[in-house]
Amino acid sequence: MATIDSTNLTITEKVHVRVRLANENDIHHIYKLFYQIHEYHNYTHLYKATESSLCDLLFDKTNPKPLFYGPSVLLLEVSPTPFSDNDNKNEKFKPVLKQFDLRSDVVDKEADEFKSKSCVEGEKNDVFIAGYAFFFANYSCFYDKAGIYFESLYFRESYRKLGMGRLLFGTVASIAADNGFSSVEGIVAVWNKKSYDFYVDMGVEIFEEFRNIVDTDCICCANKYS
């Protein structure tokens with residue numbers, strides 16, 4: 001059940017969820033979600049992407065890569081009404097459908113801004129993008145085949161603490177297992193206890209002795225070498 005007024009979407013009792021592979025129609029929403037996660041971490045000064053550059057990165061048709069080896073984005077969409085379970089053989093990835101019972105109402109003040117643009121013709125129009133997972137293939141001397149680097153997981157504020165993060169991260173882990181990847185690896189902010197505890201609860205192993213290294217413009221270290 002849901003109500004929509006001029007500014008808010010309110011979902012009550014239960015919410016229907018679909019996890020699907022992003023496409024070019026989603027680039028505006030992906031750009032905004034990437035910006036929001038930079039805001040969350042106070043790193044907007046490092047956000048240099050544009051919608052055009054993101055489109056070139058995520059949907060590069062000049063140098064296509066095997067599915068899930070290049071930069072990949074899964075989007076989690078929500079709706080107050082059920083999604084159809086049509087088996088579209090043309091889809092590269094079969095969407096994951098699930099229903100969540102709500103303990104309290106979900107009030108989405110950004111619903112109109114994040115209304116999905118990727119519904120097929122004739123499909124319902126009450127679909128909204130709630131979050132994403134961004135990942136790609138990586139390589140390590142620890143393994144003899146590619147793994148998945150889990151770059152980020154993010155939900156808009158209205159859709160946090162509902163169990164959707166477990167579904168999205170679990171979907172990426174299933175992709176890795178089903179496609180023969182060696183592992184799923186990533187980083188977590190040590191100050192973000194909720195995120196840290198989430199990954200521990202999901203069963204991942206955290207290596208406390210390692211730290212991430214970053215040269216944000218690829219110049220600092222190069223200048224020291226030259």
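Brief remarks follow.
- Average projected area [Cα convex hull, the chain], square nanometres: 15.2 nm²
- For the residues PRO64, PRO82, PRO95, a GNM of the chain with alpha-carbon springs under 10 Å puts the largest fluctuation on PRO64.
- The lysines whose alpha-carbon is closer than 18 Å to the alpha-carbon of LYS193, local same-chain residues fewer than 8 away aside, are LYS161.
- Computed with a 1.4 Å probe over protein heavy atoms only, the accessible surface of region 158-204 comes to 55 Å² per residue.
- Here's the list of lysines a cross-link from LYS117 could span, going by alpha-carbon distance under 17 Å and ignoring same-chain residues fewer than 8 apart: LYS32.
- Mean ellipticity per residue at 222 nm, deg cm²/dmol - from DSSP H runs of n ≥ 4 across the chain, formula -39500 (n - 2.57): -7000 deg cm²/dmol
- Accessible area ranking (1.4 Å probe, heavy atoms, ligands and nucleic acids excluded), largest first, for MET202, MET164: MET202, MET164.
- Efficiency of FRET from Cβ geometry, GLU157 and VAL190, R₀ 30 Å, rounded to 0.05: 0.85
- Sites SER53 and ASP201 - FRET efficiency at Förster radius 41 Å, r taken between beta-carbons, to 0.05: 0.70
- Helix 27-40 vs. the chain, principal-axis angle (Cα, 0 to 90°, nearest 10): 70 degrees
- In region 137-176, the chymotrypsin sites (Phe, Trp or Tyr not before Pro) that fall in loop regions by DSSP, at most 15 other Cβ within 10 Å: TYR139, PHE142, TYR143
- Of VAL200, VAL17, VAL106, the one that fluctuates the most in a GNM where the chain has Cα springs shorter than 10 Å: VAL200
- Ordered by solvent-accessible area of protein heavy atoms (1.4 Å probe), largest first, the residues LEU153, LEU74 come out as LEU153, LEU74.
- Listed residues LYS145, LYS98, LYS115, most fluctuating in the chain (Gaussian network, C-alpha, under 10 Å): LYS145
- Pairs with C-alpha atoms separated by more than 26 Å, drawn from the list LYS14/LYS124; LYS48/LYS94; LYS98/LYS145, are LYS48/LYS94; LYS98/LYS145.
The values are calculated or read from the model by the stated rules, or taken from the named source; none is laboratory data. Keep in mind that what you see is a predicted model, and the values were worked out from it rather than measured. Glycine gets a Cβ as well: all are built from the backbone with ideal geometry, and neighbour counts include every protein chain shown. Side chains are part of the model used for accessible areas, which takes the heavy atoms of the whole protein and leaves out ligands, DNA and RNA. Shrake-Rupley method; radii C 1.70, N 1.55, O 1.52, S 1.80 Å.
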